[in-house]
Amino acid sequence: MKSIFQILEFLKISSSNILNTNIHSISLDSRKCDKQSAFIALKGQATDGNDYIESVLAKGVKLVLSDSEV
């Protein structure tokens, strides 16, 4: 289990708006996410994980890492 702050620090991502809550799992599959998960949204050959950001946010996910700027 890591905090959002620890994950962002490890990835060398700075943010002034950090909700420092604990993350229990990291997933590329939006169906496996819950409020204790971080979701990684990547554009793949068949699907684009960025299309699922709204659905994971609705599940309570506190951290989304994306390969898209928008």
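Here are a few things to note about the model shown:
- Scanning segment 10-20 for residues that are exposed (fewer than 11 other Cβ atoms within 10 Å of the Cβ) and either closer than 11 Å to L63 by Cβ or among the hydroxyl-bearing types (S, T, Y) (or both) turns up L11, I13, S14, S15, S16, L19, N20.
- Subset of segment 41-70 that is open to solvent by less than 50 Å² (accessible area, probe 1.4 Å) and under 18 Å from N22 (Cβ atoms) - its residue that is farthest from the chain's Cα centre (by Cα): G60
- Checking each residue in segment 30-40 for being touching a Lys or Arg at 6+ places or on another chain (Cβ under 9 Å) and surrounded by fewer than 18 Cβ atoms within 10 Å (Cβ to Cβ) picks out D34, K35, Q36.
- Those strands (runs of 3 or more DSSP E) lying entirely in the chain with at least 2 residues of a type outside the set (A, V, I, L, M, F, W, C): 25-27
- Considering the conditions (1) among the hydrophobic types (A, V, I, L, M, F, W, C); (2) open to solvent by 40 Å² or more (accessible area, probe 1.4 Å); (3) touching a residue at least 40 places away in the same chain (Cβ under 8 Å), I23 is excluded by exactly one of them, (2).
The values are calculated or read from the model by the stated rules, or taken from the named source; none is laboratory data. Please read these numbers as outputs of a predicted model, since none were measured by experiment. Here the Cβ is made from the backbone with ideal geometry for all residues, glycine too, and neighbour counts use every protein chain on show. Surface accessibility is based on the protein's heavy atoms, side chains included, excluding ligands, DNA and RNA. Shrake-Rupley method; radii C 1.70, N 1.55, O 1.52, S 1.80 Å.
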